[in-house]
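For reference, the structure discussed in these notes is given below.
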Amino acid sequence: MSTFPDATRRRPSDAADGAGRLNWRVVLDGGLPGSTNMARDHALAALARPGEGTVRFYRWAAATLSFGRNEPVTVGYRGLLRRNPGMEAVRRPTGGRAVIHDRELTYCVVLPVRAFGGLRPAYRKINRGLLRGLRRLGVDAGGATGRGVAPDSGPCFLEPAEGEVVVRGRKLVGSAQARVGGTILQHGSMLLIADQGALFAGAGAGSQGGNGVDAGCDARIAPETAPTGFPITLAEILGELPPWERIVDAIQWGFAKEFGGRWAPGEMTREELAMAKKLETKYGSREWTWRR
């Protein structure tokens, strides 16, 4: 684990005083099935305790197509899954639009709603933490000045929404948020190697593979021909992908610097793991995944 920035110890009366007073736990997970990842994020939010926040970093056991909570499942997405029989599908507890989770870093931030002043301020604060971490890696990233996008407006990485992390005008991190009781759950995907070409092709979204030909999960566009707004990967930006541990270390450092508070490595509790196990039934069910 990294050495976190100096932080203030929380007093018993500090729970409602803001994120700078929170105790933060960092949880690291390996590659897990999509239903497990979504269930764990949901459980962390459902069982969050006052005065505490959690950041979880994880990967995926197999390439997985995820849908936003309220996103319609189009014919194009179903076709993509037929052409890629090894790809899993899951629906997230958060909003947003479709993403292929493959060789990426996925983060989850759980914190009290009041800590940053509400959902929108939290969204901006978390993105600023991502920017700090990326700049520590030498990535000249910024926030998009785009607009809000509807759940039925195509794949997540087709267009950056306001505040999302972009490099050279192209989206690097896609994030989505939900409120679970008095807790904010935000998670997102940072593209490391594999881009979203197959998803764009399957959804008929234009750009690479827009003629309906399956571009494959590894499809890439040459930097000189990539249109503004087409997603970018960390490997393309840096030329050589840093080790996973270094990327995680940089992003958690950025969060710690931006959020303040007291930080330490940790694990999910038995109660959280038990709830996640129950929630896997929901997130692994056809009724939930294909409900729209």
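Taken together, the values in this text are just the output of simple stated rules run on the coordinates, not laboratory data. Model, not experiment: these values are computed from the prediction. Because the Cβ atoms are built from the backbone with ideal geometry, glycine has one as well, and the counts that use them run over all protein chains shown.
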Is it the case that some residue within region 27-45 is assigned to a loop (DSSP other than H, G, I, E, B), out of contact with any Ser or Thr (no Cβ under 8 Å at 6 or more places or on another chain), of a type in the set (D, E, K, R) and in contact (Cβ under 8 Å) with a residue 40 or more places away in the chain? no
I need the full set of residues from region 86-109 which are of a type outside the set (Lys, Arg) and not in a loop (DSSP other than H, G, I, E, B), in order please. 88, 89, 90, 99, 100, 101, 104, 105, 106, 107, 108, 109
Residue ID - surrounded by the fewest Cβ atoms within 10 Å (Cβ to Cβ), chosen from residues in region 127-141 that are on the phi < 0 side of the Ramachandran plot and more than 17 Å from the chain's Cα centre (by Cα): 140
Just give me the residues in region 98-115 being of a type in the set (A, V, I, L, M, F, W, C) and surrounded by fewer than 24 Cβ atoms within 10 Å (Cβ to Cβ), in sequence order. 105, 108, 113
For region 46-85, give me each residue that is part of a helix (DSSP H, G or I), within 22 Å of the chain's Cα centre (by Cα) and not hydroxyl-bearing (Ser, Thr, Tyr). 46, 80, 81
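Okay, residues lined up against (1) touching a Phe, Trp or Tyr at 6+ places or on another chain (Cβ under 6 Å); (2) among the β-branched types (Val, Ile, Thr); (3) surrounded by fewer than 17 Cβ atoms within 10 Å (Cβ to Cβ):
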residue: 54; (1), (2), (3): no, yes, no
residue: 70; (1), (2), (3): no, no, yes
residue: 77; (1), (2), (3): no, no, no
residue: 87; (1), (2), (3): no, no, no
residue: 92; (1), (2), (3): no, no, no
residue: 96; (1), (2), (3): no, no, no
residue: 119; (1), (2), (3): no, no, yes
residue: 123; (1), (2), (3): no, no, no
Among the candidates 246, 270, single out the residue that is more than 22 Å from the chain's Cα centre (by Cα) and either within 30 Å of residue 124 (Cβ to Cβ) or not small (Gly, Ala, Ser) (or both). 270
